[in-house]
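Just so it is clear, none of the values below were taken in a lab; they were calculated from the coordinates. In this text, all values refer to a predicted model and were calculated from it rather than measured experimentally. Note that each Cβ is placed from the backbone with ideal geometry, even for glycine, and that neighbours are counted across all protein chains shown.
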Amino acid sequence: MSGSARVRATVFAPASVGNVAIGFDILGFAVDALGDRVSVARREAPGVEIAAVRGIAGELPREPKDNTAGRALLAMQEALQPGFGFVVEIDKGIPLGSGLGGSAASAVGAVVAANALLPVPAGPLELLKFAMAGEAVASGSRHVDNIAPALYGGLVLTVGIDEPRVKRIPVPAGVRAVIVHPHMFLATAKARAILKRSVELSDFVWQTANLAGFISGCYTDDLDMIRASLEDVVIEPQRQALIPGFQEVRGAAMGAGALGCSISGAGPSMFAWALEASAAAVLAAMRREFEAKGLATDGWVVNLAGAGARVIA
Ligand code: HSE
């Protein structure tokens, strides 16, 4: 069916890990193991209606301007003036306040689904900007580190906000991501509000070296460089107190052979990178430490080439 003939589309949009330790607000990777399903149907009257929110986070706002998916679609309507409206249904598969990019997934899912109804679909960079407007509702700021991987898939670097440039970064074969979600809620806005507004010069040097080293290690299959540079010296020291057992979880991951381990997005989920042979041991070690703090967990081992949002019905 062509885009113009569709009256309804359903999209799966994956979860994502933002920051990836060293790329605060600019780097992220898709986690295809879980995601949100967003359906958008055409209606005659312009505007946006949130008809249903189901799944593991049913209490989200129904007022479109206060809802990440709704706000993203309002931005899309304002820019593209399609001449018809959108009715949205959201099935949340990503827990709220988990640090796994749930608000980004709903916003991306909504704009990709709505795009499938347009006679002339918008390009991915336009969709990225619309989804960014939605993400801002949840976290209080426009950032792309979850939006870009949820849209494009894989490990993605985004440079710029108003005129974003998006680069999919290759990942060495055999490297896996381990993700552990402890069952607690942490508001992104809170985890952002505690951050200092300035950075020590020595930390700035270290963090830029780590980002450059990490990206170059990815392009050149240099696991030693990745291991040396996958470390956040700016954000993680400020946020770790928000996550019970952070030090123990990180220590256990590194002890089990991880290449690096840090906070997923704003937390409380944590992620590690590990070679395939040690990924299961890293996952078990991380879960054990969270559970020793009395937190139940979900965990996944995923490859780093997970697909971005796509129409599934
Ligand atoms: N980069 C963001 C942060 C991700 O760490 O605050 C959460 O939306």
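Here are some notes:
- Its residue count N sets the reference 2.2 N^0.38 Å, and the alpha-carbon radius of gyration of segment 133-262 equals 1.13 times that reference.
- Protection proxy ranking of 301-311, 243-253 - average other beta-carbon atoms within 10 Å, highest first: 243-253, 301-311
- Gap separating the Cα centres of segment 104-180 and segment 1-68, nearest whole Å: 11 Å
- Each other residue within a Cβ distance under 10 Å of Asp162 adds +1 if Lys or Arg and -1 if Asp or Glu, for a net charge of +1.
- Using 0.36 nm per residue and subtracting the Cα-Cα separation, the extra length available between Ala51 and Lys190 on full extension is 47.1 nm.
- Mean ellipticity per residue at 222 nm, deg cm²/dmol - from DSSP H runs of n ≥ 4 across the chain, formula -39500 (n - 2.57): -11000 deg cm²/dmol
- Overall dimensions of segment 161-214 as given by Cα atoms, namely Rg and Dmax in Å: 16.2, 38
- Shape class for segment 223-313, computed from the alpha carbon gyration tensor (a ≥ b ≥ c): rounded, with a/c under 1.5.
- Ranked by how many other Cβ atoms sit within 10 Å of their own Cβ, fewest first, the residues Val234, Val48 fall in the order Val234, Val48.
- By average C-beta atoms within 10 angstrom, highest first, the peptides 33-46, 200-213, 262-275: 262-275, 33-46, 200-213
- Given +1 at the Cβ of Lys and Arg, -1 at the Cβ of Asp and Glu and no other charges, the dipole of segment 175-303 around its Cα centre is 500 debye to the nearest 20.
- Separation of the alpha carbons by more than 20 angstrom is noted, of Lys129/Lys196; Lys65/Lys92; Lys65/Lys129, for Lys129/Lys196.
- Residues of type aspartates and glutamates that Lys293 reaches as a straight line, Cα spacing below 16 Å, ignoring anything fewer than 8 places off in the same chain: Glu248
- Length-normalised contact order for the chain - Cα pairs under 8 Å, 6+ apart - percent: 24 percent
- Cβ-based net charge around Ala107, under 9 Å, with every Lys or Arg adding one and every Asp or Glu removing one: 0
- A Cβ-based charge dipole, computed about the Cα centre of segment 1-145 with Lys and Arg at +1 and Asp and Glu at -1, lands at about 300 debye.
- Candidates per trypsin sites (Lys or Arg not before Pro) in segment 164-237, loop by DSSP, up to 14 other Cβ within 10 Å: Lys196, Arg197
- Here is the result for segment 254-294: no trypsin sites (Lys or Arg not before Pro) lie in DSSP coil with at most 10 other C-beta atoms within 10 angstrom of their C-beta.
- Remark on the chain: Rg and Dmax equal 19.0, 58 Å (Cα only).
- Reach of Lys167 by Cα under 13 Å, taken over aspartates and glutamates that are not fewer than 8 positions away in the same chain: Asp145
- Extreme residue, positive dipole direction of the chain, given options Leu230, Ser262, Leu34 (C-beta unit charges): Leu34
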